[in-house]
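One structure is given below, encoded as structure tokens.
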Amino acid sequence: MNETYQGVKFETLFIKKEILKNKRIEKLNYWCKRFSELGFAPKIGDGSAGNLSFRTSNGFIITASNSDLRNMTNDDFVEVLDVNLKSKNIKVIGKKSPSSESMLHFLVYKNRTDINAIFHGHSKELLNSNFISTKKEKPYGTIELAEEVLKILGKKNLILMKNHGFLSFGKTMNEAWSSIILSMKKK
């Protein structure tokens, strides 16, 4: 999809504006760097085209909107506590707005309780493969895109979003990463 990044398409409601304290953020930061190094999160402006998250007991922690995944700092992570799809607002703890794909992550976590980590990136190599893909192209950061993903989600560990990017899933962050690597070998 060649849509120019224009930021988030929802309202962020800050419950607390503070840096998160969660020991798993360090591991997520590691995967952010690897993602960037391998070109799964190309640069767009000051940030990267991609986002990663993991489930928490209160919701999920996700990379902030327009984050540079190669150079993350502690304030580049946001905990999403609740998503109101109807009013398009998201309740968070953190210093920044969460990734523009937060509604997508929310709906995947809601529909697949076995998933505890989601990695979203962009790879022309994967997009040109034969993996299952959404039938329709939808704009980034929209409920419509999330709904297209839900149509094909099933129990898959990696899916493609038509002309957009990929989503990999796992019970752990390591599994979400392995889903990508195994898929690259199978293509």
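The values are calculated or read from the model by the stated rules, or taken from the named source; none is laboratory data. Just so you know, these numbers come straight off a predicted model, no measurement behind them. Positions of Cβ are generated from backbone atoms using ideal geometry, with glycine treated the same way; all protein chains shown enter the neighbour counts.
Residues in the range 43-64 that are over 20 Å from E175 (Cα atoms) and surrounded by 15 or more Cβ atoms within 10 Å (Cβ to Cβ) were compared, and the one that is modelled with the highest pLDDT is A64.
Checking each residue in the range 131-173 for being of a type outside the set (K, R) and over 20 Å from F106 (Cα atoms) picks out F131, I132, N163.
Evaluated against (1) touching a Phe, Trp or Tyr at 6+ places or on another chain (Cβ under 9 Å); (2) under 18 Å from E11 (Cβ atoms); (3) not small (G, A, S), K156 falls short on exactly one condition, (2).
Residues of the range 65-82 that are surrounded by 21 or more Cβ atoms within 10 Å (Cβ to Cβ) and without any contact (Cβ under 8 Å) to a residue 40 or more places away in the chain: S67, L69, D76, V80. The set of residues in the range 156-187 that are on the phi < 0 side of the Ramachandran plot, surrounded by fewer than 21 Cβ atoms within 10 Å (Cβ to Cβ) and in a loop (DSSP other than H, G, I, E, B) comprises K156, N157, K162, K171, T172, K187. Can you name every residue in the range 101-117 that is polar (S, T, N, Q) and either surrounded by fewer than 21 Cβ atoms within 10 Å (Cβ to Cβ) or in contact with a helix residue (DSSP H, G or I) (Cβ under 8 Å, 6 or more places away or on another chain) (or both)? N111, T113, N116, listed by residue number. The numbered conditions (1) closer than 22 Å to L160 by Cα; (2) surrounded by fewer than 24 Cβ atoms within 10 Å (Cβ to Cβ); (3) at pLDDT 95 or above are all true for H122 except (3).
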